[in-house]
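Bear in mind that the values in this text are calculations on the coordinates, not laboratory data. Here the structure is a predicted model, which means the values were calculated and not measured. Backbone-built Cβ (ideal geometry, glycine too); neighbour counts: all protein chains shown.
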Amino acid sequence: MSATENKSLNSTLPESKPGSGQISGERLVELYRTMVLSRYLDQRVWLLNRQGKAAIAASAQGHEAAQVACIEATDPSRDHYLIYYRQFTAMVALGTEPEEMLRGFLAKEGEPMSAARQFPLHGAHPRVDLFNFSNVIATQLPQAAGVALADKLKGLDAVTVVYFGDGASSQGDTHEAMNFAGVHKLPVIFFCENNRYAISVSIEKQMGIESVASRAAGYGFPGVRVDGADVVAVHEVTKTAVERARAGDGPTLIEASVERLLPHTTDDDHTRYRSTEDIEQMSKRDPLLILAELLKRRDLITESQDEEIHDKAKKRVNVATDTVDAEAFPNVDTMFEHVVENTRGHA
Amino acid sequence: MSATENKSLNSTLPESKPGSGQISGERLVELYRTMVLSRYLDQRVWLLNRQGKAAIAASAQGHEAAQVACIEATDPSRDHYLIYYRQFTAMVALGTEPEEMLRGFLAKEGEPMSAARQFPLHGAHPRVDLFNFSNVIATQLPQAAGVALADKLKGLDAVTVVYFGDGASSQGDTHEAMNFAGVHKLPVIFFCENNRYAISVSIEKQMGIESVASRAAGYGFPGVRVDGADVVAVHEVTKTAVERARAGDGPTLIEASVERLLPHTTDDDHTRYRSTEDIEQMSKRDPLLILAELLKRRDLITESQDEEIHDKAKKRVNVATDTVDAEAFPNVDTMFEHVVENTRGHA
Amino acid sequence: MAEMTVIEAVRDTMFAEMRRDDSVILLGEDVGSRGGVFLASDGLIDEFGESRVIDTPLAESSIAGVALGAAVNGLRPIAEIQFADFMWPAINQLIGEASKVRYGTNGVKTAPMTVRVPYGGGVRGGLYHSQSIEVLFAHTPGLSVVAPATPYDAKGLLATAIRTNDPVIVLEHKRTYRLVKGEVPVEDYTIPIGKAEIKRPGTDMTLITYGLMLHYSLQAAEMAAANGIDVEVVDLRTLRPLDADAIAESSSRTGKALIVQEDTPAVSISSEVAAIIGERCFFDLDGPITRLGPPEIPPMPFSPIQEAAFMPSPEKILDAITKLAEV
Amino acid sequence: MAEMTVIEAVRDTMFAEMRRDDSVILLGEDVGSRGGVFLASDGLIDEFGESRVIDTPLAESSIAGVALGAAVNGLRPIAEIQFADFMWPAINQLIGEASKVRYGTNGVKTAPMTVRVPYGGGVRGGLYHSQSIEVLFAHTPGLSVVAPATPYDAKGLLATAIRTNDPVIVLEHKRTYRLVKGEVPVEDYTIPIGKAEIKRPGTDMTLITYGLMLHYSLQAAEMAAANGIDVEVVDLRTLRPLDADAIAESSSRTGKALIVQEDTPAVSISSEVAAIIGERCFFDLDGPITRLGPPEIPPMPFSPIQEAAFMPSPEKILDAITKLAEV
Ligand SMILES: Cc1ncc(C[n+]2csc(CCOP(=O)(O)OP(=O)(O)O)c2C)c(N)n1
Ligand SMILES: Cc1ncc(C[n+]2csc(CCOP(=O)(O)OP(=O)(O)O)c2C)c(N)n1
Ligand SMILES: [Mg+2]
Ligand SMILES: [Mg+2]
């Protein structure tokens, strides 16, 4: 059973999952499968952009471990996920099929998140409570506080996970959201994927401190920094945060240090602003290589099993590409739907 | 020589002022004079509201010590002050004459800050670099960072002091301003007058922490909490912050704990949301009484000198009231001026 | 039926809707024990408690953003922005986000939220407690904007807003809160979004307006009637979507159109109403499409004489009526 | 004279103004070594250094607020907002604050700042990289808003904006950046704010437009000319203050007015232009005041066929011209 199948809306946590903070070898391999699939799909999307078929793409390459490990610690059947455009792997991990992902990038009919009205990965998932209303940085954070507030009022023990980048930490909305969540001790996990760049703006120009996580103290809840290439560590800190939230003890701010292995988007050229050494250095922190090494060291997979995983992922991506490439764009007429309830347009 | 005269635009720091962090007995008495004058003027304004002459008033009663002591540590001939509506005493300390203050509340011709276009105390001072563009909470904080940025580019050693309340600390703008100032190590002092209420919203509903000052750590500069009824202490921490800023070492966040002795404004009734005990307790922290006691204990003034100070202030306020009460409202025609340069109106 | 003020109608409606539906909550600055700065929520916290009547931190973007998140997750929040002048920090969450939730998710998510905003001048509010903010909202697809001017309309439109499955901005004119009284049925009713109402029938001219200006216009119409000019007064009530049919029908019938508003005229509601008339009634009109508004200066001076000079008044409206009637 | 694109004209003008006046600085996201996401500031940081070309944190309210504070304290900042869609967080500092600095201080303080904003669609930008945001700015007293459509106008109006002692919003249409080329004098010149320009003289009809639509309208006018309809094309260039005299003069002269815009029509620039014509040209017109714009849905779908269906095009404009000519 592949990780994606495993993570569909109605699954509960897999039985094989051990107690808090620990993750089984079996699950580690599943997460690796998801990461490999995500990586090939991500590369394909980049290629489709170069072929002029995908208008724009942002890549999760380098962020994969943090994304799968965080989701592994949550429960997709009841939790909420407010993502941003770099959550490519998270979407795969939450059960979005490769065809569905590609429909986003190619703006094809049947695109699940927004019927291809929005940029890829934007909109709302039809099966999991995962959404991303806009491209506007940090707006999702106050929204996450609101989602969690509703759960609290309804007496539910769901957790809301909201993702954002280091750049997003500078927005007023980020502050307002954390402050609100702190006052009301809301079940929110603020998950920052710190790749040290906001497009070209490096972390030193973004903030006068080292760590985003240190800001949590100013809101009255814990902040923790974790190596985002370390699946086990990310899973553990997230699990702790999830338990805290479900117990009614309030938010946690998690900062996962990750690398953005590619330029900001297909429109960017990071050699304009990153030094050759910087690019070389960070490339060594590829989470796929790190996890593959761990799995082999722990004898969880063999070299040939690894190859098999790669082959399977590649084939899956090829099949999906062929399918979606042949599909049509949405009918013009559908663009008048869903402006407000029960109307077409709304003058 | 009264404190107000002493503090006009072109004065330099008075010679009698001792080294950093200390304040002479003589100056303490001057500050007391300013506080007493401010108090009577403030009470008068409240009365004028009850008489239907002043549309609205916010009072600085309870905040006086913090305001005079902060300004005493700065240099009005070169520094910038971005105030908010509760800076009544600060304006007096910076040399605004009682007549000028009253013209604001009575919206009379010759009102110095905005020609009576704005609420009292809003606009810009014609002689000192003190301004308050709007009633919108926290907008002054990013502006202060900009003012300081300009000084830094110009190579000036001026300090920018920006005032705000505990409620204002929740705004996104507050975060963005502190973050920007932290990145650029700007010569700004963020001066928070924490009176534990934002209109009716108590501090527990405003933030999940005890102290606003603790947030400075999240921006990479010092934060300090001080008893805002203690003139000596506020002066000392501000002096340190001023020196830090002038030396190019960056911002400081000062949080002065003060009491709001009156309701939020003349439109408010604080018995709706404050308990009798709360009101009784806080009334004991009247900074005027505290400073008067200190001055007497230190033999800096006698009982009769104190009475004289009070009498003089009362008379000054009476004279000003009579003068301004008799003045006219601004001519209708002036309302078309200064929309943009060189136009009357601008369609 | 009971006679009440606009603010009483707003308060009663919030009580009724919160009793009717557990998922309705109110959040904003000072809405709790203070009862709101205009006392619109006086008593609500006593009946519904702190979990449904939430005193928020002083941060409008989060008020709107939290309301949006809660709406998406099954509640029907009423967010109160204390004064329209303090709406700007919330714009990103409202214009940028809430308006496009349904469209941007192809209907998977919806945002049944109401934003109540006291607006408008003539209250000695100076530059920052007097503003009209309807323009941007009325421009934005995906939003509905209502501006009731009477207690009856305040109740009916607020109830509709709360029950609507999309974001609705409710503009409440501060000056009408205690000034305007009227009969309000005790029983439940709603008023559809998008329907203007003829508040005074007439034959010589159509006067189109909304908010406080409705009342000044009705006064002016009575004065004009004394001079033999019979003015039809149309209350827009909804600013998005505008009731183009009602505007066009009345204007074509009377042959003359005067649009009165408190907001500064350039690129505003009155512009759109004029454009609708210019496009749809062109061959039926016998006079220029006329607009009356304040001067193009920041709304509005604190000084009382200047504030009065800024605001349209019954007298100024009468002048405009008389002039247009003479064309 | 040199032929260049709009983006080149913008960049050249920033170089020239920063050389001319030390107090001009540029701040925004990625304006430094990245040279801006559209490369509008490519090379500036090399010549003027990090103190005058500032890569800001990702926080638009502070970009606008810091620019405002710096302007008040003697600099002439150019603030770049990366995309118009991300302007909303900055609204409070621009609409609420900057626009009223001069007025609210009775002229004691001024805010000589320029805000450059790439806007508009037809670039596969979807809902959040395609928006037109002119409405609220064009409505607000105290602001000036320019929207140059050609390299020549981009240089002249940007130079004027930077030298103006009040806040000016400069709207740069993203699609024109590389699409539109034209002759630009090497020497210094400025174009006054508030002046429209007849980009094509004609006698049968006045077509009023701005931005990308100018170019589509000029194409449509050529096609119409082939059919014997002689269209005058007026480029507004400034959206606040609108050049009401130019609009009225041309419309009265030709007797017909067609307004074309990319932004959704309700309560927009085209509404105001129509209102001006309806009020000032009523007795000179022989056809309804006609507007052409996109449908009232959120601008604009990402999917290519739908995006094309949303945008006005030369063909749709030609249709509108033909229809109006037949009235
Ligand atoms: C409000 C807003 N401003 C600017 C942008 C343009 N923009 C898109 S992504 C981005 C950088 C985001 O950096 P970060 O938050 O660190 O996320 P990352 O891309 O590094 O994962 C910027 C400036 C935007 N989308 N929204
Ligand atoms: C953006 C904004 N929101 C709301 C208000 C209304 N308002 C005026 S004062 C105030 C409370 C301010 O509290 P605080 O910052 O603690 O200052 P204090 O009055 O206690 O000195 C509020 C909510 C405003 N002026 N601006
Ligand atoms: Mg980043
Ligand atoms: Mg306070």
Exercise for review: Find how many whole Å separate the alpha carbon centroid of the range D:1-69 from the alpha carbon centroid of the range C:81-145.
Suggested key: 32 Å
Review point. In nm, to one decimal, how far is the A:E109 label point from the A:K312 one, both placed 7 Å along Cα→Cβ?
Key: 3.3 nm
Practice item. Count the DSSP beta bridges whose two residues both fall in the range C:197-326, then state the antiparallel fraction as a percent rounded to the nearest 5. Key: 20 percent
Exercise for review: Largest first and in whole Å, give the semi-axes of chain B's equivalent ellipsoid, each being the square root of 5 times a Cα gyration tensor eigenvalue.
Suggested key: 27, 26, 22
Exercise for review: Could you please state, rounded to a whole Å, how far the C-alpha centre of the range A:59-80 is from the C-alpha centre of the range A:272-321?
Suggested key: 17 Å
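Using the 10 angstrom Cβ neighbour count as an exposure proxy, how do A:H310, A:H235, A:H184 rank, fewest first? The partial results should precede the final answer.
Values: A:H310 17, A:H235 26, A:H184 22.
Ascending number of Cβ neighbours within 10 Å: A:H310, A:H184, A:H235.
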Check your understanding: Where the label is 7 Å out from Cα toward Cβ, how close does B:R78 come to the same position in every other copy, in nm, shortest first?
Key -> 6.3
Check your understanding: Kyte-Doolittle mean at least 1.6 and Cα extent at least 27 Å along the axis: which DSSP H helices of chain C qualify?
Key -> none
**Study point:** Axis-nearest residue of B (beta carbon) for the B-onto-A rotation, whole Å
**Key:** B:G172, 1
Study note, to complete from the structure: The farthest towards the positive end of the charge dipole of the range B:265-347, of the residues B:H310, B:L291, B:M335, given +1 on Cβ of Lys and Arg and -1 on Cβ of Asp and Glu, is B:L291
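Distance cut-off 30 Å, Cα to Cα: go down the list A:K284/A:K315; B:K239/B:K284; A:K239/C:K109; B:K239/B:K296; B:K239/D:K100; B:K53/B:K315 and report the pairs above it. Write down the numbers at each step before the final one.
Working: A:K284/A:K315 26 Å; B:K239/B:K284 27 Å; A:K239/C:K109 28 Å; B:K239/B:K296 25 Å; B:K239/D:K100 33 Å; B:K53/B:K315 20 Å.
With Cα atoms farther than 30 Å apart: B:K239/D:K100.
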Study note, to complete from the structure: at C:T203 the sorted inter-copy label distances (label 7 Å from Cα on Cβ side), in nanometres, are 4.6
Review point. Where nothing but the Cβ of Lys and Arg (+1) and of Asp and Glu (-1) is charged, how large is the charge dipole of chain B around its Cα centre, in debye to the nearest 20?
Key: 380 debye
Check your understanding: Under a 5 Å amide H to amide H cut-off, with H placed in plane at 1.01 Å, what residues pair with B:E109 once short-range neighbours are removed?
Key -> B:A328, B:F329
Check your understanding: Taking neighbour Cβ counts within 10 Å as the exposure measure, how do D:V231, D:V66, A:V201 sort from fewest upward?
Key -> A:V201, D:V231, D:V66
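How much net charge surrounds C:M113 when only the other residues with a Cβ under 10 Å from the Cβ of C:M113 are counted, with Lys and Arg +1 and Asp and Glu -1? List each step's numbers first, then the result.
On the way: positive: C:R76; negative: C:D166.
Every neighbour counted, the sum reads 0.
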**Study point:** Taking chain C and dividing mean pair separation by its residue count, relative contact order in percent (alpha carbons under 8 Å, at least six apart)
**Key:** 16 percent
Review point. Assigning unit charges at the beta carbon (Lys, Arg +1; Asp, Glu -1) and nothing else, what dipole magnitude in debye, to the nearest 20, does the range C:2-184 show about its Cα centre?
Key: 380 debye
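Indicate the gyration tensor shape class of the range A:229-347 (rounded, prolate or oblate), computed on the Cα atoms with a ≥ b ≥ c the square roots of the eigenvalues: a/c under 1.5 is rounded; otherwise a/b larger than b/c is prolate and the rest oblate.
On the way: a/c = 1.67, a/b = 1.35, b/c = 1.24.
Here the range A:229-347 falls in the prolate category.
So for the range C:174-291, averaging the separation of alpha carbon pairs under 8 Å that are six or more residues apart and normalising by length, what relative contact order in percent results? Mind dumping the intermediate values first?
Numbers: 188 pairs, mean separation 32.9, N = 118.
Result for the range C:174-291 is 28 percent.
Okay, helix-only estimate at 222 nm for the protein assembly as shown: each DSSP H run of n ≥ 4 adds -39500 (n - 2.57), divide by all residues, round to 500 deg cm²/dmol; what do you get?
Details: 48 runs with 523 residues, N = 1348.
Value at 222 nm, helices only, nearest 500: -11500 deg cm²/dmol.
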Study note, to complete from the structure: Residues meeting the amide H criterion for A:V226 (H placed from the backbone, H to H distance under 5 Å, 5 or more places apart or on another chain) are A:E255, A:A256, A:S257
Exercise for review: Can you find, among D:Q93, D:M4, D:F48, the residue farthest towards the positive end of the dipole of the range D:2-184? Put +1 on the C-beta of Lys and Arg, -1 on that of Asp and Glu.
Suggested key: D:Q93
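Just need the relative contact order of the range A:3-325 here, percent rounded to a whole number, with Cα pairs under 8 Å and 6+ apart. Provide the component values of the computation, followed by the final result.
Numbers: 619 pairs, mean separation 72.8, N = 323.
After rounding, I find 23 percent.
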Point to revise | Pseudo-label separations to other copies for A:E243 - Cα-to-Cβ vector, 7 Å, nm | key: 4.9
**Study point:** Charged-residue dipole, Cβ positions (Lys, Arg, Asp, Glu), the range A:196-244 about Cα centre, Debye nearest 20
**Key:** 180 debye
Study note, to complete from the structure: Proxy exposure order for C:T110, A:T89 (fewest C-beta within 10 Å first) is C:T110, A:T89
**Study point:** Dipole-positive endmost among C:V273, B:G228, C:V146 within the protein assembly as shown (Cβ charges, Cα centre)
**Key:** B:G228
Practice item. Sort out for me the Cα centre separation of the range B:212-243 from the range C:303-327, rounded to whole Å. Key: 54 Å
